[in-house]
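Here's the structure we're looking at; comments come further down.
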Amino acid sequence: MEPKHKELLEKCYQNLVESITEADRVVDVLAHCGTLSQSERYELGHNCSTNSEKVDLLLKILISKDRDHFAEFSTALEKTHPHLHSVLLNGIGPVDHTTG
């Protein structure tokens with residue numbers, strides 16, 4: 001992954017783990033466009049008991065990939081969690097979830 005994209009993901013990491021509520025939908029979109037392999041999808045489906053664990057593992061997989069899949073992840077977020085798309089692109093860190 002490109003250093004600038006890796007830095008953005010790392011900056012937003014905790015916020016994404018806490019804010020992505022439907023990790024399965026994000027995984028489905030990424031698997032459909034070929035970003036995630038069958039084995040990665042299996043690992044996400046079987047090794048994670050909570051949604052936040054799944055997001056955590058998904059981000060680690062994306063960051064560790066040789067190819068840059070930031071655009072695909074960004075598109076997947078736009079489709080599944082539109083409110084988080086701008087958070088990712090702006091590199092905003094933790095969001096206060098206590099305010100409405």
Revision key, fill the gap. Applying the gyration tensor rule to the Cα atoms of the chain (axes a ≥ b ≥ c; rounded if a/c under 1.5, else prolate if a/b exceeds b/c, else oblate), the class is oblate
Point to revise | Rel. contact order, % - alpha carbon contacts under 8 angstrom, at least six apart, region 1-98 | key: 46 percent
Revision key, fill the gap. Checked region 1-51 with the C-alpha gyration tensor, a ≥ b ≥ c its square-rooted eigenvalues, rounded below a/c of 1.5, otherwise prolate if a/b is larger than b/c and oblate if not; verdict oblate
Revision key, fill the gap. Applying the span-like rule to the chain (DSSP H, Cα extent along axis at least 18 Å, Kyte-Doolittle mean at least 0.5) gives 51-64
Point to revise | Percent carbon-and-sulfur accessible area, the chain, ignoring ligands, DNA and RNA, probe 1.4 Å | key: 50 percent
Check your understanding: Relative contact order of region 18-72: what whole-number percent is it, with Cα pairs under 8 angstrom and at least 6 residues apart?
Key -> 39 percent
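The values are calculated or read from the model by the stated rules, or taken from the named source; none is laboratory data. Quick caveat: nothing in here was measured; it's all calculated off a predicted structure. Each accessible area value is taken on the protein alone, full model and side chains, heavy atoms only, with ligands, DNA and RNA left out. Shrake-Rupley method; radii C 1.70, N 1.55, O 1.52, S 1.80 Å.
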